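Structure first, commentary second.
The values are calculated or read from the model by the stated rules, or taken from the named source; none is laboratory data. None of these values were measured; they are calculated from a predicted model. Counting neighbours? That spans all protein chains shown, and the Cβs are built from the backbone with ideal geometry, glycine included. What goes into the accessible areas is simple: the full protein's heavy atoms, side chains included, and nothing from ligands, DNA or RNA. Shrake-Rupley method; radii C 1.70, N 1.55, O 1.52, S 1.80 Å.
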Amino acid sequence: MSKYLIVGGVAGGMSAAARLRRLDEAAEIIVFERGGHVSYANCGLPYYIGNAITDREKLLLQTPGSFRQRFNVEVRIRNEVTAILPDSRSLQVKDLASGRIYEESYDKLLLSPGGSPVRPPIPGIDHPAIRTLWTIPDTDAIRAMVDDGKVKTALVIGAGFIGLEMAENLHARGIRVVVVEMAQQAMNVIDFEMAALVHRELAMKNIELCLGDGLEAFGADNDGSPVARLASGRSITADLVLLSIGVSPNTGFLAGSGITLGPRGHIVVDEYLQTGREHIYAAGDAIEVRNPLTGKQTAVPLAGPANKQGRIAAGNMHGGMRRTYGGTMGTAIAKVFDLDVGMTGATEKFCRAENIPHGTVIIHPNDHAGYYPGATMMALKLVFSTESRKVLGVQAVGYGGVDKRIDVIATAIRAGMTVDDLTEIEHAYAPPYSSAKDPVNMAGFAAQNILDGLVGSTTWDTLAKAGESFRYLLDVRTPAEFATGTIDGAVNIPVDSLRERLDEIPRDRPLIVFCRVGLRGYIAARILAANGFTDCTNLSGGYETYRVATASRAPHPLTAPPTNDPGAAKAMSPDTKQSPRIIQVDACGLQCPGPVMKLKQEMDAIAPGEAVAIRASDPGFQADAPAWARATGNIVREIRAEKGIVTAIIEKGGASAAQIAPAGNDKTIVVFSGDLDKALACFVIANGALAMGRKVTMFFTFWGLNVLRKPEKTTGLGKNLIEAAFGMMMPRGSRKLALSRMSRGGMGGILIRGIMKKKNVPSLEEMMATAIRGGASIVACQMSMDLMGIRREELIDGIQVGGVATYLDASEKADNNLFI
Ligand code: FAD
């Protein structure tokens, strides 16, 4: 009969014990555990503190009694192994209850002692309110402090997985949480721009995140609460401090055993998980593992690998089921408030540090079909080898579907697949679950396009670091999107008009194109390449990634303390007054400016006092909706973001809106002129007024109608000879307008357009589109149209045809009336 001893009674140890019993019914199996619990759910501990798990018993998956009953394994809790004596094949054990020291012999031994949270030897560290979270007693102590109601503020040191899980769970208990992290980003295992999404989520939940600041010492204030002194000189007082700054392996008791330890104290094992000493195996957080991507040794403290290693080690100890362990890639996921943050394999910074030739691509797909309710956008960054085309790693951050993509790509990496293989992965698809092209396929397509030379890629940090002079930055989003913000120095030419406006783009500089997420940027890059622009790259992840990665980390405006601006306060704080009728609108899946346009459309259709409850998956909508409401005199009744869905309830301003936008401050403009400069002036004024939340009516009459003409000829309108001739003589649309002075046969107009572009002034067409999308009422004078033989079909979309009454009605509510 074989005798197996196991050190450590949680993940690796108990997996091995159960497997050994299943392989050998007759064996004697003893587990030594220095703590009071075995097989507990340490991964669930933060959620018990936060009350997501309310039943403490559910954390205790097994007890010594239940393990004995099911597996006939003897579990000795509160028994600490103090030394290994390989020569005599025995252990030295201390019974912590009695203090008795004894020896126990083995045929085969498994070491799965795990690790312990680091407590740096700094002054004041022994304060009772400074805790770590690793065991059931740790959990009980922290929960008791929280239950007591005395913890109003908590300081979490370390923004890794456990630190952020604790931040969330302490916040869930109504505690104000500050997180301090020495690195320049949270979750240092992922790349910065992906972590920036975590920073944004924390800001939205009003968690203060102090990056790049280290803990120096602890003191205490007059009430006895711990005060953390940081390297920056800042002091933070808290009722509870949670240290979550790393784990070190519990291998001190191996001193003198002849078992080889790595540079950081981890047990060195071979591919069979056997230590250098015969009959002794090891598993879990305490061992070094091979990184399959580099072949180098590393340590990865995760439950999945620990459990699987325990199972493999058991088979190898038994001898009948020998298997090798293939290494650990660090596949991990964490919930950070509403956000899911997952990764596997190599990051970009890892590849840089290891000098691995690599490429990256960032995409922002929906987790399922955008037209099916509840779709949310994720950011997915794929890292691949530029030599072998193999997938090296992936990171994904989003509000749904992250785990599935991480797991699929982890499997692909393990199978040695290339980006080409990703394009063909056949996934289960129906609208509630995915899209016909899953994010995994999309990542493959994007990487394949880069590797096949169809498009070059520029990363946000290269762009952010580079000076403006060396390149031409082209924003190919719509004018309305451009108007909501862009990258400094970018020129806006929407992708749909790119082919007609190629002559506006210089050929003497590198060209970087971008759109919201990268897809239209790719299309634009292809158009440009086909037209001879040889040095053209697409911004990876588009404006979305750039904006988040370069954003300042101020708390989100909606969760920031109320300002002194009464208008702002009104718009931000929910009002308790209930609206009589609320129209439900789903704008999920729409990207900026879709949700705002949809909101406006719905608001236009309701009466004052009624409200629209709109749901959008565009994260920017959380800022856009209140801004829009404020500018338009409507009232934000409620705004919240949950699981990536922003829900805003906006009440149509009536009498109450007058406080924000008093009646009588509308603007009306009669556009009589058909000159380019005068038309420009009209739209500059109109857009300025719209931005201030004013209602604008533009009445186009006589020559002004030419501004609104479509550029292409409309046939089949049944015009008579005079009407047709008149139409031919007049400029057809805004692009054909000339300057009122210095026209010089049209050269003046070309010149002024060139200067505007250089100075990043939007073109007349972009200003017109912005005005239309911004809600300007553009009225073509019916009487002038009749006189000049212009038909509605010849005019651009988004306008109305009206009479002078329409204009006069508007002008009565205006405090400013211009005739241009
Ligand atoms: P452990 O599970 O730590 O077990 C080691 C045991 O050995 C301990 O109970 C210890 O008391 C005992 N021991 C040590 N030395 C001796 C000795 N000399 N004599 C006797 N007994 C000894 N991982 C994930 O993958 N996902 C997660 O979401 C996740 N969340 C976590 C949340 C928290 C709060 C914590 C603490 C960990 C989390 N982990 C998570 C990590 C995961 O729990 C560990 O990777 C895993 O438990 C490691 O298993 P192990 O067997 O190596 O060590």
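Only residues that are within 21 Å of residue 80 (Cβ to Cβ) and more than 45 Å from the chain's Cα centre (by Cα): list them for the range 23-47, please.
Initially, the range 23-47 is screened for residues within 21 Å of residue 80 (Cβ to Cβ), giving 28-40, 42.
Hits for the range 23-47 are 28, 29, 30.
Please determine whether any residue of the range 721-728 is touching a residue at least 24 places away in the same chain (Cβ under 8 Å), under 16 Å from residue 682 (Cβ atoms) and not in a loop (DSSP other than H, G, I, E, B).
Checked against the condition, which is being touching a residue at least 24 places away in the same chain (Cβ under 8 Å), under 16 Å from residue 682 (Cβ atoms) and not in a loop (DSSP other than H, G, I, E, B), the range 721-728 yields no hits at all.
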Inset, instruction - Quick one: residue 324 ticks every box in (1) of a type in the set (S, T, N, Q); (2) assigned to a helix (DSSP H, G or I); (3) open to solvent by 60 Å² or more (accessible area, probe 1.4 Å) except a single one, so which number is it? - result: (2)
Legend entry - Failed item, numbered, when residue 432 is tested on (1) in contact with a helix residue (DSSP H, G or I) (Cβ under 9 Å, 6 or more places away or on another chain); (2) open to solvent by 20 Å² or more (accessible area, probe 1.4 Å): (1)
Inset, instruction - Evaluate the range 44-61: report whether one residue or more is in a strand (DSSP E or B) and away from the ligand (no atom under 12 Å from the Cβ). - result: yes
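Let's see how each residue does on (1) free of Cβ contacts under 8 Å to residues at least 60 places away in the same chain; (2) crowded, with 16+ Cβ neighbours inside 10 Å:
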residue: 224; (1), (2): yes, no
residue: 250; (1), (2): no, yes
residue: 266; (1), (2): yes, yes
residue: 282; (1), (2): no, yes
residue: 286; (1), (2): no, yes
residue: 305; (1), (2): yes, yes
Legend entry - Positions within the range 62-75 being open to solvent by less than 50 Å² (accessible area, probe 1.4 Å) and either on the phi > 0 side of the Ramachandran plot or not in a loop (DSSP other than H, G, I, E, B) (or both), in sequence order: 64, 65, 66, 67, 71, 75
Inset, instruction - State all residues of the range 20-32 that are open to solvent by 30 Å² or more (accessible area, probe 1.4 Å) and either within 8 Å of the ligand (Cβ to nearest atom) or basic (Lys, Arg) (or both); if no residue qualifies, say none. - result: 22
Legend entry - From 102, 106, residue being surrounded by 14 or more Cβ atoms within 10 Å (Cβ to Cβ), among the aromatic types (Phe, Trp, Tyr), more than 9 Å from the ligand (Cβ to nearest atom) and on the phi < 0 side of the Ramachandran plot: 106
Inset, instruction - Within the range 175-185, identify whether any single residue is open to solvent by 30 Å² or more (accessible area, probe 1.4 Å) and either farther than 22 Å from residue 299 by Cα or assigned to a helix (DSSP H, G or I) (or both), and answer yes or no. - result: yes
Inset, instruction - Name every residue in the range 62-99 that is free of Cβ contacts under 8 Å to residues at least 24 places away in the same chain and within 9 Å of the ligand (Cβ to nearest atom), in order of residue number. - result: 94
Legend entry - Some residue of the range 153-161 being assigned to a loop (DSSP other than H, G, I, E, B) and more than 20 Å from residue 396 (Cβ to Cβ): yes
Legend entry - Filtered residues of the range 755-769 (kept if open to solvent by less than 40 Å² (accessible area, probe 1.4 Å) and farther than 16 Å from residue 500 by Cβ): 756, 767
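When you go through 93, 81 one by one, which is the residue that is of a type outside the set (Ser, Thr, Tyr), touching a helix residue (DSSP H, G or I) at 6+ places or on another chain (Cβ under 8 Å) and assigned to a strand (DSSP E or B)?
81
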Inset, instruction - With the condition kept exactly as written, say whether any residue in the range 482-500 is over 26 Å from residue 359 (Cα atoms), under 25 Å from the mean Cα position of the chain (by Cα) and in a helix (DSSP H, G or I). - result: yes
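Test of understanding: among 379, 375, which residue is at pLDDT below 95, over 30 Å from residue 28 (Cβ atoms) and more than 16 Å from the ligand (Cβ to nearest atom)? I'd like the intermediate steps shown before the answer.
Numbers: 379 fails: at pLDDT below 95.
None of the others qualify; the one that does is 375.
So is residue 681 surrounded by fewer than 22 Cβ atoms within 10 Å (Cβ to Cβ) and of a type in the set (Gly, Ala, Ser) or not? Please lay out each step first, then the result.
On the way: surrounded by fewer than 22 Cβ atoms within 10 Å (Cβ to Cβ): yes; of a type in the set (Gly, Ala, Ser): yes.
Yes, satisfied.
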Legend entry - Breaking point among (1) modelled with pLDDT of 95 or more; (2) part of a loop (DSSP other than H, G, I, E, B); (3) within 27 Å of residue 50 (Cα to Cα), for residue 113: (3)
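With the requirement that a residue be closer than 27 Å to residue 291 by Cα and either among the charged types (D, E, K, R) or in contact with a Phe, Trp or Tyr (Cβ under 7 Å, 6 or more places away or on another chain) (or both), what does the range 350-377 give you? Let's see the steps before the verdict.
The initial filter retains those residues of the range 350-377 that are closer than 27 Å to residue 291 by Cα, namely 350-363.
Of everything in the range 350-377, those that are closer than 27 Å to residue 291 by Cα and either among the charged types (D, E, K, R) or in contact with a Phe, Trp or Tyr (Cβ under 7 Å, 6 or more places away or on another chain) (or both) turn out to be 352, 354, 358, 359.
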Legend entry - the range 100-139, residues that are touching a residue at least 60 places away in the same chain (Cβ under 8 Å) and acidic (Asp, Glu): 104, 107, 138
Inset, instruction - Output the residues belonging to the range 457-496 that are touching a residue at least 60 places away in the same chain (Cβ under 8 Å) and small (Gly, Ala, Ser). - result: 457, 464, 480, 483, 485, 489, 490
Legend entry - Some residue of the range 332-352 being farther than 27 Å from residue 306 by Cα, away from the ligand (no atom under 16 Å from the Cβ) and modelled with pLDDT under 95: yes
Legend entry - Every residue from the range 358-398 that is in a loop (DSSP other than H, G, I, E, B) and of a type in the set (Val, Ile, Thr): 376, 386
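Could you look through the range 1-13, keep only residues that are more than 8 Å from the ligand (Cβ to nearest atom) and within 25 Å of residue 301 (Cβ to Cβ), and pick out the one that is surrounded by the most Cβ atoms within 10 Å (Cβ to Cβ)?
That would be 6.
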Inset, instruction - Could you check, for the range 716-737, whether at least one of its residues is hydrophobic (A, V, I, L, M, F, W, C) and closer than 30 Å to residue 600 by Cβ? - result: yes
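So that you can scan it fast, the table gives a plain yes or no per residue for (1) away from the ligand (no atom under 16 Å from the Cβ); (2) surrounded by fewer than 21 Cβ atoms within 10 Å (Cβ to Cβ):
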site: 137; (1), (2): no, yes
site: 149; (1), (2): yes, yes
site: 154; (1), (2): no, no
site: 204; (1), (2): yes, no
site: 235; (1), (2): yes, yes
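Based on this model, can you work out whether residue 305 counts as closer than 19 Å to residue 16 by Cβ and of a type outside the set (Lys, Arg)?
On the way: closer than 19 Å to residue 16 by Cβ: yes; of a type outside the set (Lys, Arg): yes.
So residue 305 fits the description; yes.
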Legend entry - Unique residue being away from the ligand (no atom under 16 Å from the Cβ), open to solvent by less than 50 Å² (accessible area, probe 1.4 Å), farther than 28 Å from residue 120 by Cα and of a type outside the set (Lys, Arg) when the list is 295, 276: 295
